[in-house]
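Contents: one structure, followed by commentary.
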Amino acid sequence: MAGAIIENMSTRKLCIVGGILLVFQVVAFLVGGLIAPSPTTAVPYMSVKCIDVRKNHHKTKWLMPWGPNHCEKIKDFDEAMSRQIEANDIVFAVHIPLPSKEMSPWFQFMLFIMQLDIAFKMDNDLKENAEITLDVSLAYRDDMFDDWKEIAHAVELRKLKCTFGSPKTLDSEGRHYDCDFLPFMEIGSVAHKYYLINIRLPVNERKGINVGIGEIKDIRLVGIHQNGGFTKVWFAMKTFLTPSILIIMVWYWRRITLMTRAPVLLEKVIFALGISMTFINIPVEWFSIGFDWTWMLLFGDIRQGIFYAMLLSFWIIFCGEHMMDQNERNRLSGYWKQVGPIAVGSFCLFIFDMCERGVQLKNPFYSIWTTEVGTELAMAFIIVAGICLCLYFLFLCFMVFQVFRNISGKQSSLPAMSKARRLHYEGLIFRFKFLMLITLACAAMTVIFFIVSQVTEGHWKWGDITIQVNSAFFTGIYGMWNLYVFALMFLYAPSHKNYGDDQSNGDLAVGSGEELQLTTTITHADGPTEVYKLARKEAQE
């Protein structure tokens, strides 16, 4: 009778907690799907071919494609040849944004990719493995009548990967190659209203610069930036979730400090996971609205890397602390084989990110993939990180298998135990299976929504209601992992309350002769966790 009462109470309370978390999860998805716009916007830009006449006393080196001080333009290179204009005197100019628009700090970042329109010509064919040299400059201003101020200037190489679907004959002259997009530029902040890009293609036949690259007709850019409406929703979520996780962290650590023992390893790891989640949540992005912080993209990558490393470490230690016959529990050094690949993989990805976005802090046109050495180095870091990830999941799967095998083998001993001790270990077994189910559900939802966001058009339309799938993915998954960490600290916080004399009389004591122990997190002297408390509250009856 008592066991049925305990089971009903624990089930009811867990259902209430699970229902509340489910409501918040649904709200997180709906906020992104119904309130926020699409996360990013892609804007195509066509460059304007300007004539650089600085040698004829031009007043400025910045060439504007339109406006009151626009440059002298040419329609195509045939016109340039008829006017005897050299290739070195032609500048491709792009103004960002389009006319009558302004950029905003709410856009957060700008990413540009380049597409070259290259025509086939018998006497100017595109060579195999050709490289194009770009002399690029970037400037900004905040008023249409201000002078342009330089942000960056660089000379960059890009490999051309093009195919031609027709026979290379005279009849095919004028047809365009099918060329891959090229990485062009990335900036981690949008602090100014107007930007100007000037691109030169310097030609030097003696040095082989821009020789054998075909006949370039046009240069197109595609600019990608974050939508301001999505940024506001994202900042609002961060602002709301930060105090929520902070409050549960303070409550969780206070529960631990009330114990007469020192915190055990699993409790420390859960608290560290909460800290890493808070590190992601803190909305420092608000400052990017008023400051030109170009390092925010790199900082965001570092924050996410710390959280994922802590999450993977937690899963390993959680399984290890539930190993019944493991003698090296409650010591981080006992997990060096499993945690080692996480550290190595995280370090490789950090070095890769520093080589890419770290360099872009000084040179936004840089890309590690543009040279053979850079490509090989980047692939080496990614391959090593991938190998470490595979090793980690092998270790994790093996440990999960061992825990379930041990639990199945030891469950036969439960009927012979006293009521309170049986409930104690049934609570441990239940909470392990419960968390494993939640973890698998969170991982599955992350993968499913990622795949859906990639294969759909970006939004679903049901009647008059439009659901932004990509925005729902970002806000929903972000909210889900916050709720996961919240649930961990709630369910695994030790209780400082005393539940009766049966504990002190040895009913739950390890020395009672029943050698079944699942975790060092719960001890008879310091009180159970919330999950155990739900399953144990009425045991003394």
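Computing the accessible area with a 1.4 Å probe over protein heavy atoms, can you report the carbon and sulfur percentage for the range 250-336?
Taking all protein chains in place, the range 250-336 shows 67 percent carbon and sulfur surface.
For CYS390 and LEU30, FRET efficiency with R0 = 35 Å and r from the beta-carbon atoms, rounded to 0.05?
Once the sixth-power term is evaluated, E becomes 0.45.
Could you check how much of the accessible area of the range 54-226 is carbon and sulfur, as a whole percent, using a 1.4 Å probe?
Exposed carbon and sulfur together represent 49 percent of the surface.
Answer with one residue from ALA191, ASN124, ILE216: the one whose Cα lies farthest towards the positive end of the charge dipole of the range 54-226, charges on Cβ with Lys, Arg +1 and Asp, Glu -1.
ALA191
Amide H of GLU215 versus every other amide H placed in the peptide plane: which residues, excluding those fewer than 5 positions away on the same chain, fall under 5 Å?
ALA119, LYS121
Determine ³J(HN,Hα), in whole Hz, for all residues of the range 29-34 in sequence, where each value follows from phi through the Karplus function 6.51 cos²θ - 1.76 cosθ + 1.60 and θ = phi - 60°; x replaces Gly and Pro.
Couplings: 5, 5, 4, x, x, 10 Hz.
For the range 54-226, what is the accessible area per residue in Å² when the probe is 1.4 Å?
54
Which FRET efficiency value, to the nearest 0.05, is calculated for MET354 and ARG175 with the Förster distance at 51 angstrom and r the Cβ-Cβ distance?
0.75
When the Karplus curve 6.51 cos²θ - 1.76 cosθ + 1.60 is applied with θ = phi - 60°, which whole-Hz ³J(HN,Hα) does each residue of the range 469-485 get, with x for Gly and Pro?
Result, rounded to whole Hz: 5, 5, 5, 4, 4, 5, 5, x, 5, 4, x, 4, 6, 5, 5, 4, 5.
Sequence gap at least 6, Cα distance under 8 Å: using those rules, report the relative contact order of the range 54-226 to the nearest whole percent.
Taking the mean separation of contacting Cα pairs over the length of the range 54-226, I get 37 percent.
Roughly speaking, what is the stretch gain from ALA444 to PHE291, that is 0.36 nm per residue apart minus the C-alpha to C-alpha distance, in nm to one decimal?
Roughly 51.3 nm would be gained on extension.
What is the distance, in nm, between label points placed 7 Å from the Cα along the Cα-to-Cβ direction at ILE16 and at THR466?
4.2
Order 339-351, 139-151 from most to least packed using the mean count of other Cβ atoms within 10 Å.
Highest mean packing first, the order is 339-351, 139-151.
Multiply the residue gap between ARG331 and ALA272 by 0.36 nm, knock off their C-alpha separation, and tell me the result in nm, one decimal place.
That pair, ARG331 and ALA272, stretches by 19.7 nm at full extension.
Determine the gain in length on full extension of the stretch HIS153-PHE279; use 0.36 nm per residue of separation and subtract their C-alpha separation, reporting nm with one decimal.
41.9 nm
Residues with amide H under 5 Å of ILE90's amide H, sequence separation 5 or more or different chain, H placed in the peptide plane at 1.01 Å from N; which?
ASP52
Return the long-range amide H neighbours of ASN227 (sequence gap of 5 or more, or a different chain), with a cut-off of under 5 Å between placed amide H atoms.
THR40, THR41
Once phi is turned into ³J(HN,Hα) by the Karplus curve 6.51 cos²θ - 1.76 cosθ + 1.60 with θ = phi - 60°, what whole-Hz value does each residue of the range 330-345 show in order, with x for glycine and proline?
Per residue, the Karplus-derived 3J(HN,Hα) values read 6, 9, 5, 4, x, 10, 5, 5, 7, 7, x, x, 5, 5, 5, x Hz.
Per residue, how many Å² of accessible area does the range 345-407 show with a 1.4 Å probe?
That works out to 56 Å² per residue.
The values are calculated or read from the model by the stated rules, or taken from the named source; none is laboratory data. Everything numeric here is computed off the predicted structure, so don't read it as measured data. Note: ideal-geometry Cβ built from the backbone for every residue, glycine included; neighbour counts use all protein chains shown. The area values use the complete protein model at the heavy-atom level, side chains included, leaving out ligands, DNA and RNA. Shrake-Rupley method; radii C 1.70, N 1.55, O 1.52, S 1.80 Å.
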